[in-house]
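Participant: Right, I'll just put the structure down here and ask away after.
The values are calculated or read from the model by the stated rules, or taken from the named source; none is laboratory data. These figures come from a predicted structure and were not determined experimentally. Positions of Cβ are backbone-derived with ideal geometry, glycine not excepted, and every protein chain shown enters the neighbour counts. Accessible surface areas use protein heavy atoms only, side chains included; no ligands, DNA or RNA. Shrake-Rupley method; radii C 1.70, N 1.55, O 1.52, S 1.80 Å.
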Amino acid sequence: MDAAEREARTSLAACYRLVARLGLDDMIYNHISLRVPGQDGQFLINPYGMLFEEITGSDLVKIDTQGRKIDSSPHEVNVAAFVIHAAIHKSSHDAACVLHTHSDASLAVSGQEEGLLPLSQFAMRFYRRQSFHDYEGVAIDLDEQERLVRDLGGNKVMLMRNHGILTTGRTPGEAFMLLYYFERAARIQLDMQAAATSGARLVIPPHEVCERAARQFWERQGDILVPGEREWPALLRQLDRTDPSFRN
């Protein structure tokens, strides 16, 4: 294993630990993958049966976009994980990291026709920049891959209707922070909608304001950086202080 792959494994294991720490995992289910640096058509993913909170860099399984194991890992990979992640990794999308969870608030808004609404500053980042993929059952059929890629398009976040959320990034830090911000926005939306049932009126800023805010995020205006660029080093320091075993 070269230094680049070792670093990739450490970063991906940290991503699993952080998703678990925020309670956004689903026991042994859900999955996060990362392309192996310098190796076309190969990516790292979690072993089926391990909790996110216990995954280390050496536990990760290396597979290709056909689902074949590249290394001698004794672990198997979830079929749905292969179908979803291989679809994105073998497409022309620039995602190096693909993250999929069933996190509660994001799943709840996935069942709403318009998905995430621009009700908070957290949500503005995703204004008209969220994709939708209709539910087709458990993702175990290879012919769904084409539709997953088509529906994601050029966006970095996709709501999988009645199922969960998928985020992508050039790094695990970017994919993780997009999940974090989307989940925060989704929780706020659900709280606001619950309050509205008792007579409160929801206020949505005009389109021009929402679009301006979205551009500020995606065009990195002012001192705004790519998601994860500032946060990720701090999160790694936090993990190192509390449970550095993800580096094993």
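Participant: Does the stretch 5-62 come out rounded, prolate or oblate, given a ≥ b ≥ c as the square roots of the eigenvalues of its C-alpha gyration tensor, rounded meaning a/c under 1.5 and, failing that, prolate meaning a/b above b/c?
Facilitator: prolate
Participant: Using the Cα atoms as the points, what is the convex hull volume per residue of the stretch 35-134 in Å³?
Facilitator: 144 Å³
Participant: Below 8 Å between Cα atoms, with a sequence gap of 6+, how large is the relative contact order for the chain in percent?
Facilitator: The normalised contact order for the chain reaches 21 percent.
Participant: Using r as the Cβ-Cβ distance of residue 21 and residue 1, and R0 as 25 Å, what FRET efficiency do you calculate, to the nearest 0.05?
Facilitator: Using R0 = 25 Å, I get an efficiency of 0.45.
Participant: Given the rule -39500 (n - 2.57) for each run of at least 4 DSSP H residues, summed and divided by the residues of the chain, what is its mean residue ellipticity at 222 nm, to the nearest 500 deg cm²/dmol?
Facilitator: After summing the helix terms and dividing by residue count, I get -12500 deg cm²/dmol.
Participant: Among 172, 74, 37, determine the one that fluctuates most according to a GNM of the chain built with springs between C-alpha atoms less than 10 Å apart.
Facilitator: Evaluated over the chain, the most mobile residue of the options is 74.
Participant: Now a separate question. Take the alpha carbon gyration tensor of the stretch 164-248, find the square roots of its eigenvalues, order them as a ≥ b ≥ c, and report rounded if a/c is under 1.5; if not, report prolate when a/b exceeds b/c, else oblate.
Facilitator: Oblate, since a/c reaches 1.5 and b/c is not below a/b.
Participant: Can you tell me the 0 to 90 degree angle between the C-alpha axis of helix 3-21 and the longest principal axis of the chain, rounded to 10?
Facilitator: 50 degrees
Participant: Express in whole angstrom the spacing between the alpha-carbon centres of the stretch 97-124 and the stretch 44-59.
Facilitator: Measuring centre to centre over Cα atoms gives 25 Å.
Participant: Angle check, please: helix 79-89 long axis (alpha carbons) against the longest principal axis of the chain (alpha carbons), in degrees 0 to 90, nearest 10.
Facilitator: That helix lies at roughly 80 degrees to the long axis.
Participant: Leaving out ligands, DNA and RNA but keeping every protein chain, what accessible area does residue 106 have, in Å² rounded to the nearest 10, with a 1.4 Å probe?
Facilitator: The accessible area comes out at roughly 0 Å².
Participant: Quick one: compute the contact order of the stretch 153-234, relative version, from alpha carbon pairs under 8 angstrom and 6+ residues apart, as a percent.
Facilitator: With pairs under 8 Å counted, the relative contact order is 29 percent.
Participant: Take the alpha carbon gyration tensor of the stretch 89-231, find the square roots of its eigenvalues, order them as a ≥ b ≥ c, and report rounded if a/c is under 1.5; if not, report prolate when a/b exceeds b/c, else oblate.
Facilitator: Because a/c hits 1.5 or more and a/b fails to exceed b/c, the stretch 89-231 counts as oblate.
Participant: Over the chain, give the accessible area per residue in Å² for a 1.4 Å probe, as an integer.
Facilitator: 48 Å²
Participant: While we're on this one: For percent of Cα pairs over 22 Å apart, pick the label among (i) 57; (ii) 53; (iii) 63 that corresponds to the value derived from the coordinates.
Facilitator: Of the labelled values, this structure produces (ii).
Participant: For residue 135 and residue 208, compute 0.36 nm times the residue count separating them, minus their Cα-Cα distance, and round to one decimal in nm.
Facilitator: Here the segment from residue 135 to residue 208 would lengthen by 23.1 nm.
Participant: Residue 177 accessible area, nearest 10 Å², 1.4 Å probe?
Facilitator: For residue 177, the solvent-accessible surface is approximately 10 Å².
Participant: Under unit Cβ charges (Lys, Arg +1; Asp, Glu -1), what dipole magnitude, rounded to 20 debye, does the chain have relative to its Cα centre?
Facilitator: It works out to roughly 620 debye.
Participant: Related question: Which FRET efficiency value, to the nearest 0.05, is calculated for residue 75 and residue 240 with the Förster distance at 30 angstrom and r the Cβ-Cβ distance?
Facilitator: The pair residue 75/residue 240 has a calculated efficiency of 0.75.
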